[in-house]
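Please treat every number below as a calculation from the coordinates, not as lab data. If you're wondering where the values come from, they're calculated on a predicted model, not measured in any experiment. Glycine also receives a Cβ, built like all others from the backbone with ideal geometry; neighbour counts cover every protein chain displayed.
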Amino acid sequence: GAVVSQHPSWVICKSGTSVKIECRSLDFQATTMFWYRQFPKQSLMLMATSNEGSKATYEQGVEKDKFLINHASLTLSTLTVTSAHPEDSSFYICSARGLAVTGTDTQYFGPGTRLTVL
Amino acid sequence: QKEVEQNSGPLSVPEGAIASLNCTYSDRVSQSFFWYRQYSGKSPELIMSIYSNGDKEDGRFTAQLNKASQYVSLLIRDSQPSDSATYLCAVNSGGYQKVTFGTGTKLQVIP
């Protein structure tokens, strides 16, 4: 299947700092990228959807000023958690959607970033 | 009504048995259907996609789609303990709309 990478895979930061997470589609051009958050033993929660070159669309209840998304190219999207607090500690997963080598419009997930805010 | 519904489980099956995972969806114009597997602490991994009515087989996995009944299922033959995971059903209504995920069914394969 198609490869989506995320960096870093885990990060620990102090409360009040900002953290940037990168998501890259390595072997296909992603028309759309998605950012999800997952708390322990809970299901995936979609945070926002972004298309290259345009502003992200945030889901209800997700603060766009706190979770900054930049989709600079068809292979790169970044999520910045600004002024992180302990309640932001979670597993953040990006997903890229596009025409993979199979020629079908499919959504693939990155390996996730585990954020711990002290 | 949730857009994509799955029984949360856990579904427990003995090793070697067939595990049957079910999913229903509400949008009649849905076009693409996916099954993802998610191990605890890991991100989801695509295991099957299906686009037309009927069965699609890949190894021990068979996806079944019935658009008239708005129902998609995943069968896992000869279940192994390594199949123990949460299985997410996902539905795409076409175009550039977002893919909608179910909340997942937790499968436990008992050795």
Averaged over the residues of A:90-98, the number of partner chain Cβ atoms within 10 Å of each residue's own Cβ comes to 2
By the rule of another cysteine's Cβ lying under 4.7 Å, the cysteines of chain A that fail to get a partner are A:Cys13
Restricting to Cα pairs under 8 Å and 6 or more apart, the percent relative contact order of chain B works out to 38 percent
With DSSP loop assignment and no more than 10 other C-beta atoms within 10 Å, the trypsin sites (Lys or Arg not before Pro) in segment B:18-83 are B:Arg28
In nm, the gap between the two label points placed 7 Å beyond Cα toward Cβ at B:Arg60 and B:Glu5 is 3.0 nm
Scoring segment A:1-69 by relative contact order with C-alpha pairs under 8 Å, at least six apart, yields a percentage of 21 percent
Simple spin-label estimate for A:Gln42/A:Ser5, 7 Å along Cα→Cβ, in nm, reads 3.1 nm
Farthest towards the positive end of the dipole of segment B:1-57, among B:Leu21, B:Asn53, B:Gly9 and with Cβ unit charges of +1 on Lys and Arg and -1 on Asp and Glu, lies the Cα of B:Gly9
Length gained if B:Asn53 through B:Asp27 is fully extended, taking 0.36 nm per residue and subtracting the Cα-Cα distance, is 7.8 nm
Across B:25-36, the residue-averaged tally of Cβ atoms belonging to other chains within 10 Å stands at 1
So the number of lysine pairs in chain A with alpha-carbon atoms under 23 angstrom apart, 8 or more residues apart or on different chains, is 7
Length-normalised contact order of chain A, Cα under 8 Å, at least 6 apart, in percent, tallies to 37 percent
Expressed in angstrom, Rg and Dmax over the Cα atoms of chain A are 13.6, 44
Lys and Arg at +1, Asp and Glu at -1: neighbours of A:Cys94 with Cβ under 10 Å from its Cβ sum to 0
For the pair B:Ser40 and A:Leu99, the simple spin-label estimate (label points 7 Å beyond Cα toward Cβ) gives in nm 4.2 nm
